[in-house]
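Reviewing the structure listed below.
The values are calculated or read from the model by the stated rules, or taken from the named source; none is laboratory data. For clarity, every value in this text was computed on a predicted model and none was experimentally measured. Reconstructed Cβ throughout: ideal geometry from the backbone, glycine too, with neighbour counts over all protein chains shown.
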Amino acid sequence: MPQKVRKINSEAEYKAAIKLVRHFADGFKGADGYDLRHHYKDVSQYKRKKLQRYYELIHDLTSRTHEVKRPRNKKRLRSLQEFARHPEFPKGLKVAFLPSADPDDKQKIIYDKKTQKVKRVIEKGTIVRREVPFDHDLLIEDPSAAVQEVINKAKGKRYLIQAGEFDIPSLLSSDHRTLLDNVTKLMNKYGATDHNPDDSNSSYYENWMHGVISYDFIETTTWQQFLTEKNRNRLILKERRAETSRKKRRALLKKELKAAKLRVLGKKK
């Protein structure tokens, strides 16, 4: 899961956040009250909260391997953001961060001509990805029927379970039985017995197990190459996050040591 973003509380962090957000959202130019020449403490509390909100959202969505898409049609943009599992849809955000096995591979988006909704995404030229949400009422009543329903809507040769904004690579399925077994395991492990279903922040499965991602392809070798790149990019991203975490811990330790040293010097005086 994405690492929690610290609150912007310094001049350097404020300027870095504005520069990042400006790449992907409107409403953060100097004319909008976000002048880089001004000190962040002189910016209104409302504007600082707005910047923090956008910064955290973009940080979370870019913490996974992704491709940035910029549909000009507003309906297509919203549809693609929903397909990409954005947790929220602020008006100023002008892009969709579409999950991708290889960020250098340009994915093709197929939209429904009438509704402008995303019908499917084609990766690597021949791999078709579809996403279908679970009917959670049916999932509780009859898990087998719920799994069959998503398979019927998103037929493919491989299936992954959606976990929030991500998927679970270790639970790759190739048929109804395997997918049902994986879904049932998660429902049992994260069910109401050990997790509070009334708490939206709990690990109860309905809070994060949203549906199924299907992959359809012709050549098995193409799928294997796709899967290899997907896993390689996941490991690279994981290492980058770990390195960022290490740097933050070192900086915090350095700050604490400096504070301790000043306290000791103060006592000596």
Among the residues of segment 145-155, are any touching a residue at least 60 places away in the same chain (Cβ under 8 Å) and among the basic types (K, R)? yes
Considering only residues that are surrounded by fewer than 18 Cβ atoms within 10 Å (Cβ to Cβ) and modelled with pLDDT of 90 or more, which ones fall in segment 57-75? V68, R70, R72, N73, K74, K75
Any residue at all in segment 247-254 that's at pLDDT 80 or above, among the basic types (K, R) and touching a Phe, Trp or Tyr at 6+ places or on another chain (Cβ under 9 Å)? no
Can you tell me which residues in segment 165-189 are in a loop (DSSP other than H, G, I, E, B) and either under 21 Å from the mean Cα position of the chain (by Cα) or of a type in the set (D, E, K, R) (or both)? E165, I168, L172, D175
Quick check: anything in segment 23-33 aromatic (F, W, Y) and either touching a Gly at 6+ places or on another chain (Cβ under 6 Å) or in a loop (DSSP other than H, G, I, E, B) (or both)? yes
Breaking point among (1) in contact with a helix residue (DSSP H, G or I) (Cβ under 9 Å, 6 or more places away or on another chain); (2) in contact (Cβ under 8 Å) with a residue 24 or more places away in the chain; (3) acidic (D, E); (4) over 17 Å from T222 (Cα atoms), for D167: (1)
Consider segment 120-164. How many of its residues are assigned to a strand (DSSP E or B) and within 26 Å of T221 (Cβ to Cβ)? 13
Could you tell me which numbered condition S202 fails, if it satisfies all but one of (1) over 29 Å from T62 (Cβ atoms); (2) of a type in the set (S, T, N, Q); (3) not in a helix (DSSP H, G or I)? (1)
Residues being aliphatic (A, V, I, L, M) and within 23 Å of Y111 (Cβ to Cβ): count how many of those fall in segment 131-150. 2
